[in-house]
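Beneath this line is the structure, given in structure tokens, with notes to follow.
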Amino acid sequence: FDGDRKLKAGSALPRAVETAGAGLAEALFDTASLARQGGANDLTLVFSRLALGLRPDFPLAQLLLADVLSRQGRLDEAEPIYHAIDPASPAADYARLRLAVNFDEAGRTDEAVAELRRMVALRPEGYDAAMTLGDVLRTHKRFAEAAEAYDLALRRAGAGGSGPAVAASPNPQLWPLFYARGIALE
């Protein structure tokens, strides 16, 4: 929207943050993000928890915290944080993908596959869940199922399916998907 035009017309612009606490939570989240980029996971945990203390319903801070815990192998601590992310948030789909990967890493592969299949069914326009499903299946040497999941992901990404149905000039950013599919077929 055009903020200058609204201000000149006498309209008020919506606040980026509603309270000082919410603003501080944003600053703490930014600090946590920078700490993570620098590889300082302990600081990332501290600053993301502080941000969530001020704003418990902060999906990006929840994701950051849960992702760091997951990467540290603390899957049982990350799981409830992923579950707590508001399903209406734009971050919810990513949280569900990460939760499914955590299930698999914790030895709960059947739960991971079931969750990913639900996501594939719920989001017919997206290919991330189908690709992740293929990755999980391929990791467990379920190659035929993995290839089917990758074919679905490619169709959803607009790159066609298997064999001659593959698009003549697919998006080069999809090469990891083609590569993973090739491994499953091999």
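Estimate the FRET efficiency between Arg117 and Lys8 by the formula 1/(1 + (r/R0)^6), using the beta-carbon distance for r and 41 Å for R0, to the nearest 0.05. Could you put the intermediate results ahead of the total?
Values: r = 52 Å, r/R0 = 1.27.
Efficiency computed from Cβ-Cβ geometry: 0.20.
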Q: Place +1 on the Cβ of every Lys and Arg and -1 on the Cβ of every Asp and Glu in region 1-106, take the dipole about the Cα centre, and give the residue among Leu43, Leu69, Ala27 whose Cα lies farthest towards its positive end.
A: Ala27
**Q.** Gyration tensor (alpha-carbon) shape descriptor, region 97-144, a/c threshold 1.5
**A.** oblate
Q. How much net charge surrounds Arg155 when only the other residues with a Cβ under 12 Å from the Cβ of Arg155 are counted, with Lys and Arg +1 and Asp and Glu -1?
A. -1
Q | Theoretical gain in end-to-end length, Thr19 to Ala88 [0.36 nm per residue, Cα-Cα removed] | A | 22.6 nm
Q. Quick one: net charge of Ala25's neighbours, Cβ under 13 Å, K/R +1, D/E -1?
A. -2
Q: Could you order peptides 145-157, 110-122, 30-42, 52-64 by the average number of other Cβ atoms within 10 Å of their residues, highest first?
A: 145-157, 52-64, 110-122, 30-42
Q. Which entry is the computed P(r) over Cα pairs in 10 Å bins from 0, in percent for this structure: (1) 9, 34, 33, 17, 6, 0; (2) 9, 27, 27, 23, 11, 3, 0; (3) 9, 39, 37, 13, 1, 0?
A. (2)
Q) Rounded to the nearest 20 Debye, what is the dipole magnitude of region 105-160 about its Cα centre when Lys and Arg each give +1 and Asp and Glu each give -1 at the C-beta? A) 100 debye
**Q.** Dipole magnitude of the chain, debye to nearest 20 (Cβ charges: Lys/Arg +1, Asp/Glu -1, about Cα centre)
**A.** 360 debye
(Q) Suppose all protein chains stay in the model; what accessible area per residue would a 1.4 Å probe give for region 29-186, in Å²? (A) 53 Å²
Q | Highest-first arrangement of 127-136, 11-20, where packing means the average Cβ count within 10 Å | A | 127-136, 11-20
Q) To the nearest 500 deg cm²/dmol, what mean residue ellipticity at 222 nm is calculated for the chain from DSSP H runs of n ≥ 4 alone, each contributing -39,500 (n - 2.57), summed and divided by the residues? A) -21500 deg cm²/dmol
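The values are calculated or read from the model by the stated rules, or taken from the named source; none is laboratory data. A quick note: this is a predicted structure, and the numbers were derived from the prediction, not measured. Every residue, glycine as well, gets a Cβ built from its backbone with ideal geometry; the counts of neighbours run over all protein chains shown. Just the protein is used for accessible areas: all its heavy atoms, side chains included, with ligands, DNA and RNA removed. Shrake-Rupley method; radii C 1.70, N 1.55, O 1.52, S 1.80 Å.
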